[in-house]
1. Counting alpha carbon pairs within less than 8 Å and at least 6 residues apart, what relative contact order, in whole percent, applies to the chain?
2. How about the range 72-177: which GluC sites (Glu not before Pro) there are in a DSSP loop, with at most 14 other Cβ atoms within 10 Å of their Cβ?
3. Please give me the summed charge of the neighbours of Asn355: other residues whose Cβ is under 13 Å from its Cβ, Lys and Arg +1, Asp and Glu -1.
4. Which net charge results for the neighbourhood of Met1, defined as the other residues with beta-carbon distances under 10 angstrom from its beta-carbon, given Lys and Arg at +1 and Asp and Glu at -1?
5. Strictly over 19 Å apart at the Cα level, which of Lys172/Lys192; Lys2/Lys172; Lys2/Lys274; Lys30/Lys97; Lys9/Lys274; Lys274/Lys348 would you flag in this model?
6. What is the set of long-range amide H partners of Ile106 at a cut-off below 5 Å, with H atoms built 1.01 Å from backbone N?
7. Along the positive direction of the dipole of the chain (beta-carbon charges: Lys, Arg +1; Asp, Glu -1; about the Cα centre), which of Tyr252, Pro126, Thr69 reaches farthest?
8. Using amide H atoms built in the peptide plane, which far-off residues or other-chain residues are under 5 Å from Leu119 H to H?
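The values are calculated or read from the model by the stated rules, or taken from the named source; none is laboratory data. Keep in mind the model is a prediction, meaning the values are calculated, not measured. Cβ coordinates were reconstructed from backbone atoms using ideal geometry, including for glycine residues, and neighbour counts include every protein chain displayed. Heavy atoms of the whole protein, side chains included, go into the accessibility calculation; ligands, DNA and RNA do not. Shrake-Rupley method; radii C 1.70, N 1.55, O 1.52, S 1.80 Å.
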Amino acid sequence: MKSVHDLYKIGKGPSSSHTMGPERAARLFKDETPQADRYEAVLYGSLAKTGVGHGTDRVIREVLAPIRTDIVFCDSPDFELPHPNTLDLTAWRGEEKLSSIRALSIGGGDIVIEGREPLQSSDIYPENSFAEIEKFCSWRHISLSEYVELNEGPEVWDFLKTVWEAMRNSVKEGLSATGTLPGGLNVERKAKYLYDRTHMMDVPAVRELQLVCSYAFAVAEQNADNGVIVTAPTCGSCGVMPAVLLYLQEKYQFDDDKIARALGVAGLFGNLVKQNASISGAECGCQAEIGTACSMAAAAMSELMGLSIEEAEYAAEIAMEHQLGLTCDPICGLVQIPCIERNAVAAKRAIDASNLAHMLVGTRTISFDMVVRTMYETGVNMNYAFRETSEGGLARFYSRRAAHL
């Protein structure tokens with residue numbers, strides 16, 4: 001299994017698979033073809049369906065500038081694709097074709113170039129399932145965070161504290177911003193509105209939940225506005241982890257070292273999903289993005305609250321199980337509706353999952369590994385229209401309604 005360095009990426013939104021991945025592919029290809037005087041990028045599948053809303057064409061042109069770049073959106077449903085997020089890049093010099101590559105944007109900002117060795121780092125964890133991890137930790141009498149340090153080295157905590165600083169900044173910046181998000185849906189930023197009204201709530205529990213929501217909205221709105229966020233595990237689900245962790249840090253005065261350890265544990269669960277299933281909405285629906293983020297946040301909270309390995313697994317399993325079947329249907333291909341609200345709902349659900357796991361420890365019948373396999377099977381059998389194509393669900397009915405206004 002890969003390092004948590006591969007999961008948490010600091011960068012600009014709005015989409016890890018539609019923006020960060022294609023940007024990385026274009027940058028790589030540009031470095032390989034300095035003599036080109038024209039580029040062509042052909043986008044397939046979900047990249048073709050929602051590439052404009054996600055800014056795929058924009059970021060490719062920006063990276064390949066000042067060289068002329070022609071973008072082709074090929075959304076033929078009959079085309080056999082190796083991955084729903086596939087793009088071809090071709091370099092030309094005059095009429096001569098210099099080179100071409102096919103890149104697969106597999107989620108979380110990672111890419112695979114067909115016919116080449118993987119660009120991601122090598123595996124550093126020998127274990128590839130949670131059952132294997134739990135067995136090893138039991139044998140060595142170590143915690144999940146100690147297991148992370150054993151494999152990653154103590155320097156991983158400095159990296160995760162940098163990740164946490166970026167997450168916290170995205171909350172701060174999102175809470176201070178107002179106005180309308182770009183893209184044409186006229187979505188107003190709501191994070192500051194929610195945060196400013198937390199003091200009006202008389203019931204402490206309600207006030208705290210609204211605070212969590214304001215943090216999740218803040219980060220998700222930053223992402224929708226092309227701001228700097230951290231993939232956790234993706235851009236579209238980037239608000240869940242910061243919301244839960246900042247709420248807990250402020251409530252219980254956890255220091256950054258403890259937050260870093262929680263991020264490390266969360267990274268284990270995120271990487272297990274990434275390896276054994278998918279974190280791509282185009283491949284498995286929003287359950288792969290928001291569901292994974294919810295599991296990660298629930299596990300992180302369990303680490304912070306000093307819960308056992310069994311309780312952490314149970315929390316992550318509950319969080320994922322109750323996101324199963326969640327479709328990816330962004331209106332107009334923008335990471336705004338329903339994406340922003342989903343971050344807030346998932347953040348609250350992660351807290352509930354950890355609390356429930358603590359109360360019901362010892363009664364679990366479904367393992368985390370099982371629910372991950374279930375999520376993947378559900379995703380690959382989900383109708384194509386509900387996997388980040390903006391052709392089904394809310395995206396379809398919103399367009400139909402708008403057409404009749």
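1. Working: 840 pairs, mean separation 75.7, N = 405.
Result for the chain is 19 percent.
2. Working: sites: Glu80, Glu95, Glu96, Glu114, Glu127, Glu132, Glu134, Glu146, Glu149, Glu152, Glu155, Glu165, Glu173; in loops: Glu80, Glu95, Glu114, Glu127, Glu155.
Hits after loop and neighbour filter: Glu80, Glu95, Glu114, Glu155.
3. Working: positive: Lys348, Arg349; negative: Glu208, Glu311, Asp352.
Its environment carries a net charge of -1.
4. Details: positive: Lys2, Lys274; negative: Asp6, Asp123, Glu127, Glu132.
Spelling it out: positives minus negatives among the neighbours equals -2.
5. Values: Lys172/Lys192 10 Å; Lys2/Lys172 30 Å; Lys2/Lys274 9 Å; Lys30/Lys97 14 Å; Lys9/Lys274 14 Å; Lys274/Lys348 23 Å.
Listed pairs above 19 Å: Lys2/Lys172; Lys274/Lys348.
6. Ile111, Val112
7. The listed residue farthest towards the positive side: Thr69.
8. Answer set, sorted by chain and number: Ile113.
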